[in-house]
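Everything on this sheet refers to the single structure shown next.
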Amino acid sequence: MIMERKETIEFKPIIRKPGDPIRSEDWNIMQDMLLSDMYSLKREIEELREYVNNLSETIVLTNLESSVGTSYALDEIVQGESDSYNLKTVGLITKQYVTSVWGIGDICQFGIADRFDILYFWSGAYNGNNNMLDVSLEYVEGDKDEMVGTNLYVNDKSQLSSPTDNNPYQEYIYNKYGTWYKYKIRNPFPDKEVRYIKFTNINSDTNPRIGNVIRIEKKIKQIVS
């Protein structure tokens, strides 16, 4: 039987006393190690900063109420139309808003009371696949609305339509009784608090509706270098 001999090497640090000389080779090695650690730490901090600066917070607002426009349950037939969604709930949507009188006018106005970079909303239109929708924001600070979407394209609710280049939808919820499409708008002033978002129909030949659910996304406050 052959026994393998293993030697244990002990590390013995070199302890210097105040005033002791140090070889240039040892000093250079120490400097190289220190610089390497510093560069490694700097890279880790930069990667962490980039990660945090790309984080965003998502908030979903549901069961929204509006003082303008007219609301209908999803299983109700909207005035001037011939059928409904035939469901009480589609996703988180429980109510739809349209203009009080068929044609041009305000559809709804939802309270936000928050800052955001991007807002998502659900829509669909009777006689859709047309340009028809204006979207504006009212800020807490300011004396006028900021138009963030003009003559936007809305897809037809009665069929599943393809997205378009001028206003592609993000996703859809489909059933044989009607389709909801999710669109997005970007806030040009994400540092300002938004009081209201308002949707307006500007095409008298169409009847767009807005679901009572919106989603906002805002970036986490960035780490200053």
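FYI, it's all coordinate maths here, none of it is from the lab. Here the structure is a predicted model, which means the values were calculated and not measured. Methodologically, a virtual Cβ is constructed for each residue, glycine included, from the backbone with ideal geometry; neighbour enumeration extends over all protein chains shown.
Spin-label pair N86-I29: with each label point 7 Å from Cα along the Cα-Cβ axis, the two points sit 8.2 nm from one another.
Working from label points 7 Å from Cα in the Cα-to-Cβ sense, the S204 to V140 distance is 4.1 nm. The structure-derived value of Cα extents along the principal axes in Å appears in the list (i) 54, 44, 29; (ii) 73, 49, 29; (iii) 95, 63, 30 under the label (iii). For the pair R49 and L160, the difference between a 0.36 nm per residue extended length and the Cα-Cα distance amounts to 35.7 nm. Each label point was placed 7 Å from the Cα along the Cα-to-Cβ direction; for S36 and V68 their separation is 6.7 nm. Listed values for the stretch 30-36 are Karplus-derived 3J(HN,Hα) couplings in whole Hz (6.51 cos²θ - 1.76 cosθ + 1.60, θ = phi - 60°), namely 4, 5, 4, 5, 5, 5, 4, and x replaces Gly and Pro. Couplings 3J(HN,Hα) for the stretch 189-198, derived from phi with the Karplus relation 6.51 cos²θ - 1.76 cosθ + 1.60 (θ = phi - 60°), are 10, x, 7, 9, 6, 8, 8, 9, 10, 10 Hz, where x marks Gly and Pro. Let's test the formula: R0 of 22 Å, r as the Cβ-Cβ distance of K176 and Q79. What FRET efficiency results, to the nearest 0.05? Efficiency at R0 = 22 Å is approximately 0.50. Summary value for the chain: 28 percent relative contact order, contacts being C-alpha pairs under 8 angstrom separated by 6+ residues.
Over 18 Å apart at the Cα level, from the set K95/K198; K198/K219; K88/K198; K192/K218; K176/K198, are K198/K219; K88/K198; K176/K198. The packing ranking, built from the mean of other Cβ atoms within 10 Å per residue, places the peptides 95-106, 63-74, 115-126 in the order 115-126, 95-106, 63-74, highest first.
For the peptides 163-171, 133-141, 194-202, what is the packing order when you average, over each peptide's residues, the other Cβ atoms within 10 Å and list the highest mean first? Walk me through the numbers before you get to the answer.
Working: 163-171: 13.2, 133-141: 18.3, 194-202: 21.2.
My ranking of the peptides, most packed first, is 194-202, 133-141, 163-171.
Cut-off 18 Å, label point 7 angstrom out along Cα-to-Cβ of I104: give me the residues of the stretch 113-137 whose amide nitrogen falls inside. Those under the cut-off are 130-136. Other residues within the sphere of radius under 13 Å centred on the Cβ of Y181, judged by their own Cβ, net out at +2 (K and R +1, D and E -1). Residues whose amide H lies under 5 Å from that of S100, counting only those 5 or more places away or on a different chain, are G69, T70; hydrogens are built 1.01 Å from N in the peptide plane. Calculated mean residue ellipticity at 222 nm for the chain: -5000 deg cm²/dmol, from DSSP H runs with n ≥ 4 weighted as -39500 (n - 2.57), summed, divided by the residue count and rounded to 500.
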